[in-house]
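The values are calculated or read from the model by the stated rules, or taken from the named source; none is laboratory data. Just so you know, these numbers come straight off a predicted model, no measurement behind them. Ideal geometry is used to build each Cβ from the backbone, glycine not excepted, and the neighbour counts take in all protein chains shown.
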Amino acid sequence: MTKSIEEEIREKIKRLHEVSFKMESISSEEQVFDTIIDAAKNILDFYVCSIDLIVDENNFEVKRTIGGKNKEGDKYPVKGIAGETFRNNKSYIENDVQDSDVADPLRSSYKSVISIPIGDMGIFQAISDKPNDFDKNDLELAELLITHLTETLKRIKNEKKLIESEKRYRGIFDNKGTAKIILDEDMVINKVSKGFEEFSGYNSKELESHVKFKNFLFGDDYDTLKNFIEKIRDTDDDHLKKFDLKFIDKFGNVKDTIGAISYIPESKEFNLSLLDVTDFKNALQELRRMEKGYQTIFENSGIPMLIVRKDSIIDKVNSKFVEVFGYHKGDIQEKKSWTELVLDDYVPMMKKYHLKRRSDPASVPSSYKCNVYDSNGDIRRVLLEVGMIPKTEESLVSVIDLTDRDVDDGGIHKSVFESDIGGCIFDNEGEIVEKNNKFLDLFDIAEDDTQGIKYLETPLSNFKEKIRSLLDGDINSFIEQTEIKKSEGKIFKIDMNCSVLKKGNEKYILCLINEY
């Protein structure tokens, strides 16, 4: 039997989600490029396509391609539809390239093109020799694939930055290129290394023999260093001492550094080495901020959720889980196994899923039904939506209570719309039927402008593929992070949690938005 277009699209979305699971374990850009191009060809049926990253303000470089004129490593100008895609951070679909005001095709035989931005890193393009060869479905499926590409490249970039910073930190005392200076007993700089010149922005003639090191220190760090020097000098201790310092360079930048000082008894001088760890600390702060934002969404979600460890112990539950199932957090978190909440008949199957999900997530179902006990011992019928938290051995479980299938929307609405995060509900047609003031403030939408507005007319359109999967019943909830541009051009970041609500036969989507 021939598949309908809708069935083909759903099959492709399912396979693209499998690609996203695979990408979570990839650690190199080369593997990412290969995976994306393979998916573009074998899932989306793009036989001429390429991944092109920006290398300077004027040129792209082809990182991976199939079927096209360009070869890997080739560079070409940031112009035409490629340039418009990158500069405007906007996707394009052109089905008559030769007559387009935007496109600038490399080959006269090209007729149709899809062009999608890869964040601020480059573009993806699919090309065809046939006119009108691509439609809206092709574009939206390709955007879903490139979303996975963009997020994975960002993750790898962050991980590389952390690894490089850690290597520099561990090699501080052996690295000949580290910023080094010689100080006398009054902390006057006697000599600086080439590394210190690069680090500070000053040359040796500006510093040596007449400038005190205290001029470059921030806050109380001068007193910290002075105490070290006095203690070392009074005891003739030539062992290395380590400490944190904030250093102000020639351009006024405050840099976080790791300092190491030792005494040179023969000359009564001090050898001070400094390692710039600013990028390392900034990366750690960014990861902590992301974790905090994730926890905010987790705690304020309108869906009961729990986080489960590899050893099956429940690490955390959110307030909605407590409300629906009656357990106290102190009685369940870090104490109970999920197996204690599930009826015995389901435990063997779910244990199998639990273990296999940690080695091969795509090989087990992400959603299934079972019976669980609430705190009173009553049996509740639930639907579980389970996924691994990237870079951990923990899984995130959303629990949809099916016992009373009609949702008490009044209770849910009250908990959502009295919270400190933005909230809205829209129907199966995408029209927003409820929203709170925080939602309007986040997206600069006037109350009078919301009559009949659809989510696609708001920044929520960034999540259209995931929202479509909710409406189609492929998933029951999701948590995402993205950047949103406000009307005045200001960019800010949000966490968003979307989940399915049902009232009778009607389906609604609940969205919670947290700005950070």
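Of the residues making up the stretch 282-301, one or more are under 21 Å from the mean Cα position of the chain (by Cα), modelled with pLDDT under 85, exposed (fewer than 15 other Cβ atoms within 10 Å of the Cβ) and farther than 28 Å from G387 by Cα. The lone criterion from (1) under 22 Å from L306 (Cα atoms); (2) at pLDDT below 85; (3) part of a loop (DSSP other than H, G, I, E, B); (4) not acidic (D, E) left unmet by I445 is number (1).
Would you check if there is a residue in the stretch 425-433 being modelled with pLDDT of 80 or more, out of contact with any Asp or Glu (no Cβ under 9 Å at 6 or more places or on another chain), farther than 22 Å from K320 by Cα and assigned to a helix (DSSP H, G or I)? Among the residues of the stretch 425-433, not one is modelled with pLDDT of 80 or more, out of contact with any Asp or Glu (no Cβ under 9 Å at 6 or more places or on another chain), farther than 22 Å from K320 by Cα and assigned to a helix (DSSP H, G or I), which makes the answer no. Examine the stretch 70-78 for a residue that is assigned by TED's automatic domain parsing to the domain that holds S112 and modelled with pLDDT under 85, and state whether such a residue exists. Looking for residues that are assigned by TED's automatic domain parsing to the domain that holds S112 and modelled with pLDDT under 85, one finds at least one in the stretch 70-78, hence yes.
Considering the stretch 203-217, and only residues there that are more than 17 Å from I232 (Cβ to Cβ) and crowded, with 18+ Cβ neighbours inside 10 Å, the residue that is farthest from the chain's Cα centre (by Cα) turns out to be L207. Across the stretch 8-66, the qualifying residues are those that are outside any helix (DSSP H, G or I) and out of contact with any strand residue (DSSP E or B) (no Cβ under 8 Å at 6 or more places or on another chain), and the one among them that is surrounded by the fewest Cβ atoms within 10 Å (Cβ to Cβ) is E57. Residues of the stretch 374-393 that are within 23 Å of D331 (Cα to Cα) and small (G, A, S): S375, G377. Per the listing L149, L162, the residue uniquely within 30 Å of V32 (Cβ to Cβ), at pLDDT 80 or above, part of a helix (DSSP H, G or I) and of a type in the set (A, V, I, L, M, F, W, C) is L149. Being in the same structural domain as I389 (by TED's automatic domain parsing) and surrounded by 16 or more Cβ atoms within 10 Å (Cβ to Cβ): is that true of L355 here? Criteria not met by L355. Is there a residue being within 26 Å of the chain's Cα centre (by Cα) and at pLDDT 90 or above anywhere in the stretch 321-337? For the stretch 321-337, residues within 26 Å of the chain's Cα centre (by Cα) and at pLDDT 90 or above: present. If the condition is being assigned to a loop (DSSP other than H, G, I, E, B), within 22 Å of D38 (Cβ to Cβ) and at pLDDT 90 or above, then the stretch 120-133 contributes only M121.
Assess whether D186 counts as being among the acidic types (D, E), surrounded by fewer than 20 Cβ atoms within 10 Å (Cβ to Cβ) and at pLDDT 90 or above.
It is false that D186 is among the acidic types (D, E), surrounded by fewer than 20 Cβ atoms within 10 Å (Cβ to Cβ) and at pLDDT 90 or above.
Every condition in (1) over 17 Å from R64 (Cβ atoms); (2) in contact with a Gly (Cβ under 6 Å, 6 or more places away or on another chain) holds for N137 except the one numbered (2).
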